[in-house]
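*Asks:* The following block contains the structure, expressed as structure tokens.
The values are calculated or read from the model by the stated rules, or taken from the named source; none is laboratory data. These numbers come from a predicted model, not from an experiment. Virtual Cβ from ideal backbone geometry, glycine too; neighbours counted across all protein chains shown. Heavy atoms of the whole protein, side chains included, go into the accessibility calculation; ligands, DNA and RNA do not. Shrake-Rupley method; radii C 1.70, N 1.55, O 1.52, S 1.80 Å.
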Amino acid sequence: MVKNEKKKVLIVDDAQFTRNMLKNIINKIEQIEVVGEASNGVEAISLYKKLNPDLVTMDLVMPEKGGIEATEEILKINPKAIIIVVSALGQEALVLEAAKKGAKDFIQKPFKNEQILEVMNRILKSGE
Amino acid sequence: MSSKDDIKLFISEAEDLIQKTEDEILTLEENPNNSKPIKELFFTFHTLKGLTAMVGFDNLSKFCHHFESFLDNAQKNKVSKTKRDNFIDMLFESLDVLKNVLNQVKKGDMKDIDANFVEDIKNSFESFETEEYDITFIEALNLEEISKLLNQNQNKSFKIYIRLEDTCVFKKVRLFIIFRALNENGKICWTNPVPEELERATIRNDFEIYFITKNNKENIFQILDEILEIENIVITPIKSEEFKNTIADLKGKWELQKSASISDDIIIEDYDEEVDVEEIERVSHITEGYTDGTVKIMSVKVNIEYLEELMNYFGELVIMKNHISQLLKEKEDRTLARLIDKMDKPFLDIQEILFKLKLVRVESTFRKYKRLVRDVANETGKKIRLILEGTNVEIDRKILEEINSPLVHLLRNAIYHGIEPPKERIKKGKDEFGILKLRTYRRAGSIFIEVQDDGAGINYDKIREQVVNKGYYDIDEAKELTKEDLNHFILLPGFSTLSDADLISGRGMGLAIVAERIKELGGDFSIHSEKDIGTKFTLDVPFTRAILRAQLIQIADDLFAIPTENIKQIYFYNPNQVEYIEGEQYYKIDSKIVPLIHLSDHLNMVNESETNSHKKIAIWCQKDEENSAVFVADKQLQQLDVVVKPFKSNFSDSRDILGSTITGEGIICLIIDVLSIITSKTNEKIISNLT
């Protein structure tokens with residue numbers, strides 16, 4: 001990895017509000033940059049191909065194409081893709097499904113800022 | 001479109017099925033661990049699915065289909081306690097949906113249910129299923145495979161302790177992610193709690209993983225450190241031998257726990273979370289030989305109804321066998337008679353096994369008292385520590401059922417009236433926690449159950465007052481009465497009334513009823529109490545009844561039986577040995593003087609064919625060292641194994657009758673409860689001595 005190059009994050013969520021929140025938190029980390037936002041699975045896949053991010057935050061319930069399918073397809077493109085599920089409470093079944101499909105970890109909504117920061121730090125540290 | 005006749009048929013069939021569904025749901029509600037209703041429900045919904053589709057109710061059919069597949073899952077997996085109520089509610093609701101449709105159809109309205117509704121049902125089932133019925137993500141290895149792995153080059157074994165953050169909600173997914181990460185880098189061999197439990201994710205926040213890997217400690221730590229929601233990780237390297245032994249040990253305990261809970265299931269399934277640890281440890285070394293992965297199934301689950309039936313059939317066999325041997329004696333066919341006699345041994349053996357089948361550990365019922373005591377203590381604002389002792393004592397299931405309510409009564413009373421409120425206890429210099437002890441032990445053919453509290457004790461002064469007030473005795477004489485004398489009064493029905501709430505700490509009518517109940521069971525009830533030290537109630541109940549060895553006797557023209565276990569000796573009756581003391585008859589045996597009871601008088605029998613008194617027999621029956629009596633009957637007949645049937649009578653005092661039985665000749669014969677007669681005689685005497 002080239003030094004000084006920031007790590008790229010793609011945010012996938014159908015709610016603008018959530019996307020903004022995530023973006024604000026993530027952009028606080030110096031070495032990380034949010035490079036794209038997708039509001040459904042279809043967009044997520046095409047943006048992934050285009051941007052090749054280091055990490056994807058993935059909502060599960062979205063119109064057009066859900067997060068589980070998107071996770072599956074992204075991992076087909078890149079089996080080493082790091083996908084972190086960001087899901088609402090009460091969706092344990094879906095989260096498990098996503099984990100089985102290969103999502104790396106998960107965070108529940110509503111999330112705390114520190115949680116997001118922790119995930120970013122931990123996961124990106126491991127990639128070094 | 002279906003014809004009118006088709007619709008009629010549909011209505012009647014659907015009505016039947018709905019009725020059946022309702023019955024099964026109710027059965028399930030009563031006993032949620034019974035898998036039979038689920039199976040039945042599965043079939044009824046399956047049939048309903050087909051039926052509704054035929055008449056053109058596509059949505060309703062789908063609705064039934066979702067229930068069917070859900071029930072199919074539920075058959076294979078256990079529904080957790082928390083989900084159970086929800087589950088049953090849903091079943092009831094589904095029933096109402098079906099009923100509504102059917103009612104409409106009856107009115108001629110063939111309207112199907114809404115498709116959205118079906119979708120809702122489907123979704124709610126999905127949330128159910130995925131939470132409850134899922135995955136196995138730990139592939140537990142058997143010991144052989146573990147040994148193989150350990151022998152591989154560079155493989156090291158570790159125990160990993162993991163504690164999740166308290167805020168972790170999706171434990172199942174969290175566990176999945178942890179296990180996946182580990183299994184990508186090695187092999188999980190076993191877990192504590194066991195994999196089965198872990199996967200249900202009903203664990204506390206911490207657990208241990210037994211892990212084999214080529215990685216070192218630091219690598220493992222790194223792998224786990226990437227995972228969120230982990231609060232603490234402790235990685236301990238373990239030597240191969242110890243690793244194997246620990247796993248073998250854990251597996252052994254687990255198997256035992258499983259088989260223990262299976263045998264407990266025979267009666268009460270509700271308390272499966274607690275298992276007698278001592279018991280497991282005690283037995284675990286025995287089964288060590290089996291812990292190599294090929295664990296033998298040590299017990300099976302049997303419907304209690306089958307056991308009851310088996311007992312009844314065996315009972316009938318005993319009666320028939322007695323009949324045959326009786327006939328053979330009359331015919332004097334020695335060869336056959338000998339053969340029949342030889343049957344005694346297998347009969348006895350079967351009888352013994354049947355007894356054992358009927359036995360359950362008192363624990364199965366007594367465990368429930370923890371909750372009871374807790375609730376009553378809260379209710380009364382008292383602090384109680386309940387101690388259960390001897391919970392592994394086994395007793396006849398029937399008897400256990402019957403002593404339940406007397407025990408509940410005693411426990412409640414002990415908390416309400418025995419144990420003092422915390423403040424009062426502190427004033428008295430006692431610990432603010434009252435001790436309530438339920439102790440069970442076996443002696444001879446009896447089970448003894450003690451309910452002991454360390455409360456205020458019985459106020460005997462007040463009982464003396466009451467004895468005087470009720471006119472049993474005058475003040476001076478009442479002073480002479482011992483506690484034992486006074487205890488007899490406590491147990492007299494109606495001796496104290498509800499208005500004497502504080503008399504004997506409020507233990508009024510209730511105790512008389514408890515004593516009565518225990519006596520009905522052929523047991524005994526006694527009281528020991530010390531002021532401010534506490535009270536101990538002792539129940540002494542037979543540990544089984546059903547088949548008894550009995551001595552048949554004739555009184556006047558009728559047959560009676562006395563359990564041989566109560567008989568000390570049988571003599572020819574000799575009128576010269578009778579002594580009269582204060583108008584009461586006693587019988588002299590060696591140097592002893594024993595109360596004499598003429599059974600024909602006692603049972604109010606009219607002796608039409610007056611038997612010669614010198615032909616009579618005197619049966620010496622003993623209750624315990626101090627209490628015995630001689631019973632006079634007219635004739636001694638044979639001894640038999642008899643099947644005791646409960647006996648209820650309106651026309652005589654059935655307290656003297658233990659039960660009834662049918663002899664080999666098919667004659668109904670009453671079994672005399674000599675112990676009860678001895679007890680009431682001694683009580684009478686104490687009271688008559690007083691008055």
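*Asks:* Count, for each residue of A:97-105, the Cβ atoms from other chains sitting within 10 Å of its Cβ, then give me the mean as a whole number.
*Replies:* Details: counts 2, 1, 8, 5, 0, 1, 2, 6, 8.
Taking the mean over all residues of the peptide, I get 4.
*Asks:* B:Y416 accessible area, nearest 10 Å², 1.4 Å probe?
*Replies:* 90 Å²
*Asks:* What residues have an amide H closer than 5 Å to that of B:I238, excluding those fewer than 5 places away on the same chain, when H is modeled at 1.01 Å from N in the peptide plane?
*Replies:* Hits under the 5 Å cutoff: B:S157, B:F158, B:K159.
*Asks:* Leaving ligands and nucleic acids out of the surface, order B:H66, B:H417 by accessible area at 1.4 Å, largest first. Don't jump to the answer; show the numbers that get you there.
*Replies:* Values: B:H66 30, B:H417 70 Å².
Ranking B:H66, B:H417 by accessible area, largest first, yields B:H417, B:H66.
*Asks:* Hey, can you rank B:184-196, B:452-464, A:15-27 by average C-beta count inside 10 Å, highest first?
*Replies:* Numbers: B:184-196: 18.9, B:452-464: 21.0, A:15-27: 15.5.
Top to bottom by mean Cβ count within 10 Å: B:452-464, B:184-196, A:15-27.
*Asks:* Average partner chain C-beta neighbours within 10 Å, per residue of B:166-173? Don't skip to the end; give the middle numbers.
*Replies:* On the way: counts 0, 3, 1, 5, 12, 1, 5, 16.
What the average comes to for B:166-173 is 5.
*Asks:* Let me ask something else. Pop the C-beta distance of B:D23 and B:N216 into the FRET formula with R0 = 41 Å and round what comes out to the nearest 0.05.
*Replies:* 0.10
*Asks:* Give me the accessible area of B:D557, 1.4 Å probe, in Å² rounded to the nearest 10.
*Replies:* Solvent-accessible area, nearest 10 Å²: 90 Å².
*Asks:* Along the stretch B:558-572, what does the Karplus equation 6.51 cos²θ - 1.76 cosθ + 1.60 (θ = phi - 60°) give for ³J(HN,Hα), rounded to whole Hz, x for Gly and Pro?
*Replies:* Using θ = phi - 60°, the values come out as 10, 8, 9, 9, 10, x, 5, 5, 8, 8, 8, 6, 10, 10, 6 Hz.
*Asks:* Here is a further query. Under 12 Å from the Cβ of B:I220, count the other residues' Cβ atoms, weight Lys and Arg +1, Asp and Glu -1, and hand me the total. It would help to have the intermediate numbers written out before the result.
*Replies:* On the way: positive: B:K156, B:K159, B:K214, B:K217; negative: B:E184, B:E218, B:D225, B:E226.
So the surrounding residues net to 0.
*Asks:* Additional query: Give me the one-decimal nm value for the distance between modelled label points at B:D114 and B:E584, 7 Å along each residue's Cα-to-Cβ direction.
*Replies:* 8.2 nm
*Asks:* Still on this structure, I have one more. Quick check: with the 1.4 Å probe, what order do B:Y580, B:Y161 take by accessible area, largest first?
*Replies:* Details: B:Y580 155, B:Y161 60 Å².
Result, largest first: B:Y580, B:Y161.
*Asks:* Rg to Rh for the stretch A:1-119: what is it, with Cα atoms only and Rh by Kirkwood?
*Replies:* On the way: Rg = 13.1 Å, Rh = 14.0 Å.
Checking Rg against Rh, the ratio lands at 0.93.
*Asks:* Determine, from the Cβ-Cβ distance of B:K122 and B:E530 and an R0 of 51 Å, the FRET efficiency 1/(1 + (r/R0)^6), rounded to the nearest 0.05.
*Replies:* Working: r = 66 Å, r/R0 = 1.30.
E(calc), rounded to 0.05, equals 0.15.
*Asks:* Continuing with this model, one more query. Given R₀ = 30 Å, what would the calculated FRET efficiency be for B:K39 paired with B:E197, taking r from the Cβ atoms and rounding to 0.05? Could you put the intermediate results ahead of the total?
*Replies:* On the way: r = 25 Å, r/R0 = 0.83.
That pair, B:K39 with B:E197, gives E of 0.75.
*Asks:* Please list, in chain and number order, the residues 5+ apart from A:V61 or on another chain whose amide H is under 5 Å from its amide H, with Hs placed from the backbone.
*Replies:* So A:V61 has HN proximity to A:G67.
*Asks:* Taking 7 Å along the Cα-to-C-beta vector as the label spot, tell me the B:Q577-B:Q638 distance in nanometres, rounded to one decimal.
*Replies:* 2.7 nm
*Asks:* Enter the accessible area of B:Y587 (Å², nearest 10), with the probe set to 1.4 Å and all protein chains included.
*Replies:* In the full protein context, B:Y587 sits at about 0 Å².
*Asks:* For A:D14, enumerate residues with amide H under 5 Å from its amide H, sequence gap 5+ or separate chain, H modeled in the peptide plane.
*Replies:* Under 5 Å from the amide H of A:D14 lies no amide H from a residue far enough along the sequence or on another chain.
*Asks:* Once phi is turned into ³J(HN,Hα) by the Karplus curve 6.51 cos²θ - 1.76 cosθ + 1.60 with θ = phi - 60°, what whole-Hz value does each residue of the stretch B:340-353 show in order, with x for glycine and proline?
*Replies:* Each residue of the stretch B:340-353 in turn: 4, 4, 5, 5, 3, 4, x, 4, 4, 4, 4, 4, 5, 5 Hz.
*Asks:* Could you calculate the contour length gain from B:Q104 to B:D249, that is, 0.36 nm times the residue separation minus the distance between their Cα atoms, to one decimal place in nm? The partial results should precede the final answer.
*Replies:* On the way: separation 145, 0.36 × 145 = 52.20 nm, distance 6.20 nm.
Extra length available between B:Q104 and B:D249 comes to 46.0 nm.
*Asks:* Sort A:E114, B:E13 by heavy-atom solvent-accessible area, probe 1.4 angstrom, most to least. Each step should come with its number before you reach the end.
*Replies:* Details: A:E114 120, B:E13 75 Å².
In descending accessible area the options line up as A:E114, B:E13.
*Asks:* Scattering from the C-alpha atoms of the stretch B:362-542 alone, worked out with Debye: what is log10 I(q)/I(0) at q = 0.14, 0.19, 0.20 1/Å?
*Replies:* Those come out to -0.76, -1.29, -1.37, one per q.
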